[in-house]
Amino acid sequence: MQRRSHAAARESFDAYRLAASRGELTGELDPAALPRLADRVTGEGGQVRWSIRGDADAEGRPAIVVAIEGAVPLTCQRCLGVVVEPVAQSTLLLLARDEAELVRLDEASEHEVVPAGAPLDPVALVEDELLLTLPFAPRHEGECAPVAGASA
């Protein structure tokens with residue numbers, strides 16, 4: 001089984017090879033370091049563990065499973081304080097070699113499909129999953145804590 005971790009986190013990979021070998025890539029990252037999330041993440045302290053595992057769907061088509069787990073500090077839309085959003089998501093992505101296969105698979109399956117004719121960036125896949133998982137308007141559950149310096 002192919003297995004790479006933190007040091008290889010920015011290296012692109014062949015998704016078809018990973019699927020065939022049932023290999024796995026793993027890593028950790030700070031969501032504030034991701035360009036498409038940077039303006040949504042509040043401060044520091046967030047940490048997300050991720051893995052990308054080679055797999056196949058029930059029909060034997062090559063796939064990868066992108067899994068994320070951790071916590072992301074966001075701005076509460078009620079009080080503008082920090083709300084730590086837990087994330088725990090696992091998504092099976094079918095692999096498509098070209099646009100025609102992507103369209104065909106997308107129509108024939110309930111799973112998401114990713115173009116994989118060229119090497120994939122694992123961090124970009126993790127960032128995509130985070131963008132899809134995090135709430136659009138994060139808020140504390142229940143009542144917000146009083147914000148320091150706010151007048152009643």
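Computed from the coordinates by the stated procedures, all read-outs in this text should not be read as laboratory data. Note that the structure is predicted; figures quoted are calculated from it, not measured. Cβ coordinates were reconstructed from backbone atoms using ideal geometry, including for glycine residues, and neighbour counts include every protein chain displayed.
Of Ala38, Phe136, Ser90, which is farthest along the charge dipole of the chain in the positive direction, counting Lys and Arg as +1 and Asp and Glu as -1 at C-beta?
Selected residue: Ala38.
Roughly how many debye, to the nearest 20, is the charge dipole of segment 46-152 about its Cα centre, given +1 on each Lys and Arg Cβ, -1 on each Asp and Glu Cβ, and no other charges?
On the way: 7 positive and 18 negative charges, 99 e Å.
Charge dipole of segment 46-152: 480 debye, to the nearest 20.
With only Lys, Arg, Asp and Glu charged, each at its Cβ (+1 for the first two, -1 for the last two), find how big the charge dipole of segment 7-73 is about the Cα centre; round to the nearest 20 debye.
Computed about the Cα centre, the dipole is about 100 debye.
Starting from the Cα of Glu69, step 7 Å along the direction of its Cβ; do the same at Asp57; then give the gap between the two resulting points in nm.
2.6 nm
With only alpha-carbon atoms counted, please give the Rg and Dmax of the chain, in Å.
18.0, 61
Taking the Cα atoms only, what angle lies between the long axis of helix 122-133 and the longest principal axis of the chain, rounded to 10 degrees?
50 degrees
Would you kindly state how much longer the chain becomes between Ala100 and Ser21 on full extension, computed as 0.36 nm times their sequence separation minus their alpha carbon distance, in nm to one decimal?
Going from the current span to full extension adds 25.9 nm.
By how many degrees, between 0 and 90 and to the nearest 10, does the Cα long axis of helix 99-108 differ from the longest principal axis of the chain?
Taking Cα atoms only, the helix is inclined about 80 degrees.
Would you mind calculating the relative contact order of the chain from Cα pairs under 8 angstrom and at least 6 residues apart, reporting the percent as a whole number?
Relative contact order comes out at 22 percent.
Taking 7 Å along the Cα-to-C-beta vector as the label spot, tell me the Val82-Ala108 distance in nanometres, rounded to one decimal.
So the label points at Val82 and Ala108 sit 4.9 nm apart.
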